[in-house]
Amino acid sequence: AAARGGRDRVLDRMEACGVIDRSVLVAAKAEPVPLSVRSLPFHAPHAAEFIKARSRKSEAGSQASVVSTLDRRVQGRVERIAQSYRAQLNRLGARNASVVVIENDTRKVRALVGNLDFWDTDAAGQVAGFAAPRSSGSTLKPFLYALALEKGVVTPESLVEDAPVQIGSFRPLDFGESWEGLVTAERALSQSLNVPFVHILQRTGLERFLKLLKDGGLDYRQETAYGLSVITGALEVNLLDLTNLYVTLARGGMHSSYLIDLKSQIPNPKSQIAPAFHLLNPAAVHLTRRALSIRSRPDAPLVGVATAAGGKVFWKTGTSWGFRDAWSIGFNGQYTVGVWAGNFSGRHAKGIVGAQAAAPLMFDILAAVTTEDRAIAAPPPSGFSRVAVCEHSGYRATPACPGTKQVVTVKDAAPARECPYHKQYLVENESGMRACLWKLYPEGEVSQRAMTVYPPSVADVLSAADARPPPLSPSCAVQATGDTLRIVSPASGASYVMTEGVRNTGRIPLQGYTSVRDKTISWFINNRYVGDTRSGETKLVSLSPGPSKIVAVNSAGHKDKAEVAVSAP
């Protein structure tokens, strides 16, 4: 009654002041009085702040209103599902999480969740996590894989080393800190192995890969001197840009900016890229998606859900160093969903792992928002080639390879690298040891043998003692006393004619023996240092036409020299 009386007094005054007429007064007084106070609408707060800030940056200046691309249905479901995971994420050690949903066909952002609780000040609740740069973990590997396929660095079946390695001060480890020795490139991606991808990045080229990421809209600190560790998480990205880059995989390599503001239609201000262009070869993208759909993977906690989300799902997870960032990004024919979980404070926890903290939430959201069972079309068959490669290694076959097999690869991107694991050696028939290159053998005492040879670390992992080069025959040793040094190849006074277009020719072997304890020999050609060898080891060098003076020095300061002449063919 008190509420009705207060309301009616306001209405009477409005009529007296001429704001409303008598008919409106009567109708308004007939309305029932509300029995409770309703909260003001409060939806997508992080997205609203983000879009408002972007609209102010548009060329048209500040807008009176903004029409976003957010979908009420999708946004509501994503917010509810993210909230339902709050307790589970807290148990894993993560207090913050962010979600991005982008519609593949239009690149319209359909949902944005910046945090689990906007009002949780203790957990920096008002920070929009989808725009915050974080360590990328393993999330960039699919793009390096596609680039390597496109450039002919690997085929899906190429073997890549997975064994302990140290490159300068960088010593990468796989997540499980175990080794497989050799793995196919496709398996390295599906299992998210770090060491093989460090090798792939080294062979593909760091600058080429960074340019791809920049063209793909990733806003990273370009003044930083990045190294090979970018593929294991050294490069920071934000969830919104990264999710949009995954849309490019869903769209066959075609890239453009995401769309979030329909009224101004301003592009992503950080990318400055063309509206649409082919960032990656469609055939390479198809082969990449094949690896991302393999089920028997360590980042597949909910395989059943993955098939119930509307068609086939392609996904990748990532975990940053020290368990600080958990990522999972997946897509089907309709949507791409990106999830990040962790702590804005930087606090780590063992449970902040992509497969545990981010992937279940990503799968649930993808299943909840998908309304169409839409398949992703494969590129035309003309985009692929079938090439013959070494049946064991997957690289270009050499005469030492035991056989060949046909593999599917990107058109005109056959592997340029020769098989590194099969080599031919000149071997003494009686001892089975390597023959001396400088020694003359009677006919029938030596023969060519093809052998499987792995790098020492790979051989150790595989326990393949027989996959090492045969030892040099003891008959090659130089009989000497004291700290002496002798060059056995090349012979002083020798003349060489360099041939062109013939495999394994055009280089001269340097070989020497020393009796000093460390067995190290340093080589100089025309007063220029060209490297070291161990006693008895062979080093192949190229010489320019004309006379050359070759000097060998051991650690005790003893020297030997040889003078040779080289003529062009």
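The values are calculated or read from the model by the stated rules, or taken from the named source; none is laboratory data. All values reported here derive from a predicted model rather than from experimental measurement. Please note: Cβ atoms are built from the backbone with ideal geometry, for glycine as well, and neighbour counts cover all protein chains shown. Ligands, DNA and RNA are excluded from the accessible area calculation, which covers all protein heavy atoms including side chains. Shrake-Rupley method; radii C 1.70, N 1.55, O 1.52, S 1.80 Å.
For (1) in a helix (DSSP H, G or I); (2) closer than 17 Å to residue 337 by Cα; (3) hydroxyl-bearing (Ser, Thr, Tyr), each residue gets a yes or a no:
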| residue | (1), (2), (3) |
| --- | --- |
| 49 | yes, no, no |
| 52 | yes, no, no |
| 65 | no, no, yes |
| 75 | yes, yes, no |
| 83 | yes, yes, no |
Checklist entry - So, in the stretch 317-331, of the ones that are small (Gly, Ala, Ser) and in a loop (DSSP other than H, G, I, E, B), which residue ends up least open to solvent (accessible area, probe 1.4 Å)? => result 320
Checklist entry - Tally time: how many residues in the stretch 192-211 are in contact (Cβ under 8 Å) with a residue 40 or more places away in the chain and either surrounded by 21 or more Cβ atoms within 10 Å (Cβ to Cβ) or in contact with an Asp or Glu (Cβ under 7 Å, 6 or more places away or on another chain) (or both)? => result 7
Checklist entry - Do we have residue 27 as within 30 Å of residue 349 (Cα to Cα), of a type in the set (A, V, I, L, M) and in a helix (DSSP H, G or I) here? => result no
Checklist outcome for this item: With the first residue restricted to the stretch 551-562 and required to be without any contact (Cβ under 8 Å) to a residue 60 or more places away in the chain, and the second required to be assigned to a strand (DSSP E or B) and surrounded by 14 or more Cβ atoms within 10 Å (Cβ to Cβ), Cβ contacts under 6 Å at 6 or more apart or on different chains are 551/524; 555/520
Checklist entry - Out of all the residues in the stretch 141-168, which are assigned to a helix (DSSP H, G or I), closer than 30 Å to residue 401 by Cα and open to solvent by less than 20 Å² (accessible area, probe 1.4 Å)? => result 141, 142, 144, 145, 146, 147, 148, 149
Checklist entry - Inside the stretch 350-376, can you point out the residues that are free of Cβ contacts under 8 Å to residues at least 60 places away in the same chain and open to solvent by 40 Å² or more (accessible area, probe 1.4 Å)? => result none
Item to check | Enumeration of residues in the stretch 556-569 that are open to solvent by 80 Å² or more (accessible area, probe 1.4 Å), of a type outside the set (Lys, Arg) and within 49 Å of the chain's Cα centre (by Cα) | outcome: 569
Item to check | Subset of the stretch 112-140 [at positive phi and surrounded by fewer than 21 Cβ atoms within 10 Å (Cβ to Cβ)] | outcome: 124
Checklist entry - What are the residue pairs meeting all of these: first residue in the stretch 444-464, first residue under 22 Å from residue 159 (Cβ atoms), second residue charged (D, E, K, R) and open to solvent by 60 Å² or more (accessible area, probe 1.4 Å), Cβ atoms under 7 Å, and 6 or more apart or on different chains? => result 451/423; 453/423; 453/468; 459/468
Item to check | Residue in the stretch 216-225 that is assigned to a helix (DSSP H, G or I) and out of contact with any Pro (no Cβ under 7 Å at 6 or more places or on another chain) present | outcome: no
Checklist entry - Restricting attention to the stretch 143-202, which residues are at positive phi and within 14 Å of the chain's Cα centre (by Cα)? => result 192
Item to check | Extreme residue, modelled with the lowest pLDDT, among residues of the stretch 477-498 that are open to solvent by 30 Å² or more (accessible area, probe 1.4 Å) and under 15 Å from residue 537 (Cβ atoms) | outcome: 478
Checklist outcome for this item: Sole miss for residue 501 among (1) over 30 Å from residue 398 (Cβ atoms); (2) modelled with pLDDT under 85; (3) exposed (fewer than 13 other Cβ atoms within 10 Å of the Cβ) is condition (1)
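A quick yes/no check of all residues on (1) in a strand (DSSP E or B); (2) small (Gly, Ala, Ser):
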| site | (1), (2) |
| --- | --- |
| 339 | yes, no |
| 347 | no, no |
| 351 | no, yes |
| 368 | no, yes |
| 375 | no, yes |
Item to check | So residue 230, is it within 16 Å of residue 285 (Cα to Cα) and either among the hydroxyl-bearing types (Ser, Thr, Tyr) or in a helix (DSSP H, G or I) (or both) | outcome: no
Item to check | the stretch 515-569, subset within 21 Å of residue 436 (Cβ to Cβ), out of contact with any Ser or Thr (no Cβ under 6 Å at 6 or more places or on another chain) and of a type in the set (Ser, Thr, Tyr), residue modelled with the highest pLDDT | outcome: 533
